[in-house]
Structure formats: C-alpha cells, structure tokens
Amino acid sequence: MKTNELRKKYLDFFKSKGHTFFVSDTLVSYDASTLFTSAGMHQFKPYFLGEKKDVKKATSCQKCLRTGDIEEVGKTPFHHTFFEMLGNFSFGDYFKYEAIEYAFEFLTKCLNVKEDALWFSVYKDDDEAYKIWKDHIGVSPERIVKLDEKSNFWPANAPSLGPNGPCGPCSEIFFDRGKHVGCCKSECSPACSCGRFVEVWNLVFTQFNRVGENRLEPLPQKNIDTGMGLERMAAVLQGKESNFEIDILHPIVEFTRELLGGTAEDHLTKSFLYAIVDHLRAAVFAIADGVHPSNVDQGYVIRKLIRIALWKMTMIEIKKSKRRLKEFPAHYAEQMADFYPQIREKQSMIADILDNEEQKFIATLEEGEKRISVLVEGLKKQGKTIIAGQDVFRLYDTYGLPVELSKEYAQSRAMTIDEEGFKASLEKQKELSRKKSMFDADIFKKGQFSLSETTQFLGYESLSTDVSVLRLFCENAELTSLKEGDEAVVVLDKTPFYAESGGQLTDKGTIKTATGQFAVEEVFRVNEAILHRGRVLSGEITKGPATALVDSARRRALARAHTATHLLQAALRKVLGAHVAQQGSSVDEDTLRFDFTNQKALLPLELEKVEDAVTGFILSASTVDKRTLSLEEAKKEGALAFFKDKYKDVVRVVSIGNYSKELCGGTHLNNTGEIGTFVIVSESSISSGTRRIEALVGDAAYRYLKSIRTLVKDSAVLLKCSPQELSLGVRRLLDDNKEEKEAKITLQKQMIAFEGKEIVTTKKEIKGIPFLVHSFNDHSPDVLLYLCDTLKNQNTSLFIFFVSKTAEKDVFVCSATNDIIEKGFSCDKFVAQYKEELSLRGGGRKNLVQGVVVKRSDEYLEKVRECFLKFTNR
C-alpha cells in the first residue's frame, strides 16, 4: 500500500466513525512552551482542557518536528526529525472500549494486517484495557504484554515521578516482523528491544489527574489521544526494513546517492544518506511554514539541520561541489505535494533559501576548517585530545562554525570537544548581553513576587480612565506607598497604557492620585497583570483610586508607524511576492523597522515600487478595521500571523482595504490617510535570507525630507550648480578625484619600484627561506601588491610581509613564491596561525593574504620575524 493511500484510508475511516477532520496545523507551534509542533494533539489542547466544546471527536494527519533524537536519525530504521503523525482523538466522548475497537478494526479490516502478526501492551495495572483486548477483541493472552509506567504510561513514569496534572495509561500496538528477526529467543516479546517488534500505534487513555507521588484522581472528562507514525506503518505494509525505503522517501535517497556520485555502499553509508534526506525534508517543510534559517529559536534549529545535512554530504561526497540543495524541494514536492500543496507552491522560494544556505555553509566551512585544523594541530602537539569549550565557542561565535560541526571534525581526528564548557561560555555571553534594569519581568516570573492580579486593558477605546492602584514595588520590595523621586513599578486594576508587545514600544504618560503624580516610562506584562514602570514626579503615591493618562501625541505617532508597518508588508508582498514573511519589527514614534524574508537585496527600482505602493495605500484613505475573532476563524480568513508570536484562542484581526489582513494586538489609526508621509531610509541584510527596511512616517518623515532638501541646496552651492544638476556636479568631482588618485598611485609605484631594489637587500635567511619584512608609510594595498609582484618576478625564492600605515588604518600584505609554498609554508597558514599574536584580520590564499593590522607596536617587525621563525620550526 502506497503511503498516500494509507494516509487517506486512515482519515476516511475515522471520518466514517463521526470524527471531524482537521488539516495539519503549522509546524510552528502556537504554544509558548515549545518551538515546533511535535505531536498530533498540539492543536487540540483547548479541547483536551475543556476550553472548546464544539467538537467531540477529531482526526488528523499532523506534520511534526522533533530533534530530541537527532543523533539517532539514519542510524536506526525508524527515527526522524520530521514525520507525519496520524491520530484520532476523543474529548469526553468515547473511551477505551471504542478506541481499542477502532484501532483493531482499521488494522485488520482496512489494512488487512494479519491478526497473529499483531501484539499488544497495556499498563501493568490497567485491567480494563487488558480485558477489552482479551475478552472483547479476542486476542490471545500470549500476545498481550503488561509493562510498567516507564513504557506504558503518559507522561512516562508520571505516577511516581510526575509532573502533576492530566495523565493516563496507554496501550501500544506492535507488528511482529517474525521470529527470525532480532534476538531470535523464544521468550522475545514487545518488552524486548531487539527490533523484532515494531510499535505502530499508541493509544493514550487520559483519565487521571496526578496530585502527588502515586496519587491519581479521576478526571471529570476522560480523553483519548492516539498516534500512528505514518512512515513506520507504511514501512510495515510495504515490507521494508527501514522507513527510508518506503515509496515517498526511497526515490529521494536514490537521488541523493546519485547526486553525490556514490555507486557502492563502501562509499556512501546508508546512515548518512538517510539523515540527509530526513533533515532536508524537515527544512523544506519548516521553510514552507515561514521558518527561515537564522541564529535564534526555530530558525537556528532549521539552520542546524541544513548544516548537519551539508556536513554529512561533505563527508561522503565523491563528486566534489555537487551538493546542490536547491534541487531537493522539487523531489519532496513530487512525493508529497498532493497532500501538502504549499510545498509545490513555494518550491522556488524554498530552493533559493537552501541554495543561499549552502553558499553560506561553504564559506563558513572553509574558514572554520582552517581555524579548527590549526587548533587541533596545536593541541595534538601538546598531547591533548579535548578541544576546550571556550575554543569551540570562539569558533561558533567568531567564525560561525556550528558546535555540531566542530564535534564531527574533532571525532574525525580522534578528539572530543568540551560540550559543557561550550554551553557555559554560551550562557556567559547571554548573561552579559541581557538587559539590566531596576526591575526585570523575570523577578515576577521566577516567583520573587507572586502576581495573580488581572489588569483589564482599555487602551483601544480610551487614552484616560479612572483606575485603582493595586500594588506598589520599589527597590525589589513591595511597599504600601511611594515618595517623590522613587523609581518604582505600579500595578493597576485596569489601564489605557499599551504594554510593549509585537514590536510596538510601550505607551508613556502619567498616573495621578489625590496626593501625587507618577510618570509612566515603560509598560510590560507579567502573566495577566500589566505593570507600569517609572518614577514619582511629586507628592506620594498610595494604593487606591487614581487616574491614568496616556501621552496622546506619542500614542498617535506609534499608531502611525504601526499601521504603516502593515502597509509596508502588504507592499513588499505585492512587489516581491507572497514568500515575504515577517521576521521581526520595531514600532516607535513615527519610525519603524521591519525584518522580512528575501534572499536578495532589493534593487533601487524595487525599493521605489515598494515606497510608491505604500504611498498609494495612504492616499487611498482606506479604513483600518479591527475585529475580534477566534484564532481558527482568523486563520480561515487568511490573516497573516508572525510565527514568533504566541496567540491565544481569541485574537484581534486588523484589516486594511482588500490588501492587508494580520493578527495584531497593537494600536492603529482609523484611516491610512492619517499616516501622512512615508519614506524608506535604508534597506540592509541582518542575516542570511533576512532583510531589514527602516522607514519614517508623519512628522519624522517630513523633517527627514526637509533635511534632504536643505542638503541638496547646500551641496549645489558648493559644487557651483543648480539643485537639479547636483548629480552632474558630483560626477565631475569624482572624475577629477579619480584622475588625481590614479596619478598618485602611478607615481608611488614608480618610486617604490626603485626603493624595492634597496629593500630586498634587507631580507634574512630563516631556516633556508629568504624572508623579507618591511614597514611603509602612506602606501595603499595596491602599491604594496605591486611591489610584491615586482620583487617576486626578480627573485625566484622569497617570503614577503609588508605593513603600511595609511590615513584610516594599518594594512598588511603577505606573499610568497611557489617554491616556498611547495615546502608547506603558505601565506594563509602563517596568517591563520599567528593572527592573534600579530593582531591580523584578513584573508586570501596560499600565495597571497592581505588585510588590516588591528594593533601595532614599535617592535612589530621584530615580532613578525619571531613568528616566522616559529612557523618554520614546526
């Protein structure tokens, strides 16, 4: 049975049993506790918790992503990072009897699996499930195994180890591959891990609430949560030893084998091939769901998967430079786009992103390998076999070499890395970069102060309101009153102040009481409470009645920028395409920053079109509509969501005309015409595949354009031309400067050619290698390179290191003749080995490296000679 047929049969079967079909949720989890959707039950949490009651029975095929067993992928037949989970769920409707009956019927009647090939496990104390299998279904007791809480309880070991909360026993269904598989012992059963028995379905009976060690109380609503791994079941039905041999994956495995030039297993190991196919499938689906490779959160995980795949390709490829990741999306689309059409729809965009990541990886690998090879070589000379954590971190932080690749490289050289030391260095960096302040939200979140209050937000309707002061905090202590000058945090019962969220900065303003005035400088949320950070301007602030007033001018400026941000995203999608997805934003007073996915820098014409589109939206004076909908309704309407934000079940949808619809809790204008002026001031790259646009609106945009107009007028006066002829005047000036510069360089080259004959006489023989080091003043790199070429043409053997002080910085050039390189003393190795000692930053190849000298002392040339002596002694 083909995999696509299996998926359809499962869903059709449960639809025939009255289950509502749910399409697969996005891979990006809306649950703040996890980065990715890792199980079929994720999208049904509101039903399990009783928050939603419109559906009692559901079925789905959920795409999932887990990295907990990433090192096992490829090594075992059944591990994946990306996989599909078939599931049927009951929310207080049917329970064990029906769940077991449905499972057995589907396997034996719909899939025609032989009954005697199926074994079953139940929790050791779950007599109810045991009796259903034995007495109702008619399974022989010999094929029913009782297992402990580690194997047959969810969560594992919950009764004794926790956590507290909903839990329950489970029953697993196994396929027996035959007595000839695995340990071949007569007593072999699903309790054995030899590989004979393949778990194909897990039925979880959520019936208890754990309230303490081995204390389980019945739940008022009993639920069913089941999961069948699609790939694993397909492997069973197709008689395959591994999931990677099934019909939707095997063709891609063979494509990868051919791509890398392998013909025999001696050259290409199955484990590497399988891991490559798995990791790239995960990346393709994640990118389709809006996750672009980056260095944080979900993006970091995807970049990690891509780079591990590329690393494994590098380790096994026969045809060099034949990785070509951009060809993979088409193969995944061919196999899986019938059920997941977005893979085909976004195929070109996904291919571009993978290609960009590959190019970035190649550059990283080349530089990182140079660094780690020098490091390993030095450690081996010292008799060491462990790369220190801080060195691994430096490779990661400075050169972009992922810790996983450092680990693989070390293992290939019979060494290990200090992973704990790396983690410690990483955490230290995070701690140093963490924002310091008098009060941090973590003080409340970590339990130093318990906040159970709920603050009602009224800021959409009003900028001032009567409120009640509930709690006061100052200098990490809770107080009953605040005096003038105190920097503090105030908690209100309701507030018009918007707390920083979704990229929009906080409102500012004042809180007035009968006895004092408090300036609000920052607003943030902790749980359901809204906290107001600031200082007492006058008098005394006590608990009780007060009036909260938002700075209306700031609020309006923030609203102009926020509404313009929505217009900018709509314009980008209109000009560049639907692949544009928000990656971050910052909304301040009449200024905005918007990060989005795009593989290339925007051309000047594209930027102009984007700016024109936004201006058109503003001039159309479109109504900005704000509605409250359920998350499900908003998604059905096609509202854009920023995947890094976590949304509740009820969301706010901001719609503008027929061109923009987004989930957004921020404050907005009522009409786009209120924005006034919009101008883009910069477009740049912030990471691979992610661009940033900064723009101004309203008063800030007007003042910016006014300053540009003044600058144009002043420049025209200096260049003795009209403002309309400014570009012509600048071009004349550049041409004059270019001629002067070229004449200067020509003269310097002529002069230095004569100097070279004298300079070369200062060369020294070091270990039989003619070594020339010299310092110049005010010579550009071009002039130094000219002298290097001249001297190498005149001398058959020479290693050169020149340094020159220029107006901006100290520069260096290192060059060598071929005979010295053939002896193993190349320029790139010399610079890589002594770059820290000589404060060098640069790059190049074996016969030439150039760059800058960060710090140079009076004895610098002698230091270079000492380093070269050590270099030739190695």
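The values are calculated or read from the model by the stated rules, or taken from the named source; none is laboratory data. Just so we're clear, the structure is a prediction, and the values are computed from it rather than from any experiment. With ideal geometry, Cβ positions are generated from the backbone for all residues, glycine too; neighbour counts draw on all protein chains shown. Please note that ligands, DNA and RNA were not included when accessible areas were found on the heavy atoms of the full protein model with its side chains. Shrake-Rupley method; radii C 1.70, N 1.55, O 1.52, S 1.80 Å.
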Among beta bridges that DSSP assigns inside region 72-191, antiparallel share in %, nearest 5: 55 percent
Rounded accessible area of Ser655 (nearest 10 Å², 1.4 Å probe): 10 Å²
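Is region 622-696 best put as rounded, prolate or oblate by its Cα gyration tensor, with a ≥ b ≥ c the root eigenvalues, rounded for a/c under 1.5, and otherwise prolate when a/b is larger than b/c, oblate when not?
oblate
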Candidate aspartates and glutamates - alpha carbon under 16 Å from Lys428, same-chain residues fewer than 8 apart omitted: Asp391, Asp397, Asp418, Glu419, Glu420
Percent accessible area from carbon and sulfur atoms, the chain, protein chains only, probe 1.4 Å: 49 percent
Rg and Dmax of the chain, Cα atoms only, in Å: 33.5, 104
Of all DSSP beta bridges in region 748-858, antiparallel share, percent nearest 5: 75 percent
Placed amide H near His292: partners under 5 Å, 5+ positions off or other chain: none
Around Gly74: net Lys/Arg minus Asp/Glu count, Cβ-Cβ under 10 Å: 0
Residues of type lysines that Lys706 reaches as a straight line, Cα spacing below 25 Å, ignoring anything fewer than 8 places off in the same chain: Lys609, Lys720
Whole-Å distance, taken between Cα centres, linking region 464-500 and region 115-147: 61 Å
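Need one word for region 657-746: rounded, prolate or oblate. Basis is the Cα gyration tensor (sqrt eigenvalues a ≥ b ≥ c); a/c below 1.5 gives rounded, then a/b vs b/c decides. Please report the intermediate quantities before stating the final value.
Working: a/c = 4.22, a/b = 1.92, b/c = 2.20.
Here region 657-746 falls in the oblate category.
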For the chain, with +1 on Lys and Arg beta carbons and -1 on Asp and Glu, the positive-most of Phe825, Ala701, Ala488 along the dipole: Phe825
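Based only on the alpha carbon positions, what is the Kirkwood hydrodynamic radius of region 30-175, in angstrom? Show your work: numbers first, answer last.
On the way: mean 1/r = 0.0580 Å⁻¹.
This gives a value of 17.2 Å.
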Exposure ranking of Trp133, Trp154 by accessible area [1.4 Å probe, largest first]: Trp154, Trp133
Calculated Rg and Dmax of region 174-223 using C-alpha coordinates, Å: 17.1, 47
About the Cα centre, charge dipole magnitude for region 1-62 (Lys/Arg +1, Asp/Glu -1 at Cβ), debye: 340 debye
Under 5 Å, built H, 5+ apart or other chain: amide partners of Phe36: Ser29
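Using a 10 Å cut-off on Cβ atoms, rank the peptides 744-751, 67-74, 240-247, 799-806 from the highest mean neighbour count down.
799-806, 240-247, 67-74, 744-751
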Amide H within-cut-off set for Ala529, under 5 Å, with H built and near neighbours excluded: Thr455
Three-way shape call for region 93-157 based on the alpha-carbon gyration tensor, with the a/c threshold at 1.5: prolate
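What accessible area per residue, rounded to a whole number of Å², is obtained for the chain using a probe radius of 1.4 Å?
Result: 47 Å² of accessible area for each residue.
So for Glu345, Glu367, what's the accessible-area order with a 1.4 Å probe, most first? Don't jump to the answer; show the numbers that get you there.
On the way: Glu345 140, Glu367 55 Å².
Descending accessible area places them as Glu345, Glu367.
Take the residue pairs Lys741/Lys855; Lys56/Lys574; Lys423/Lys508; Lys380/Lys835 and return only those whose Cα atoms are more than 30 Å apart. Intermediate values should be presented prior to the final figure.
Numbers: Lys741/Lys855 27 Å; Lys56/Lys574 41 Å; Lys423/Lys508 39 Å; Lys380/Lys835 20 Å.
Where the Cα-Cα span goes over 30 Å, the pairs concerned are Lys56/Lys574; Lys423/Lys508.
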Highest average packing first - 372-383, 572-583, 183-194, Cβ atoms within 10 Å: 572-583, 372-383, 183-194
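In the chain, what % of DSSP beta bridges are antiparallel (nearest 5)?
On the way: 136 of 157 bridges.
Rounded to the nearest five, the antiparallel share is 85 percent.
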Cross-link partners of Lys792 among aspartates and glutamates (Cα-Cα below 18 Å; sequence separation of 8 or more within a chain): Glu755, Glu758, Glu765, Asp782, Asp819, Glu822, Asp828
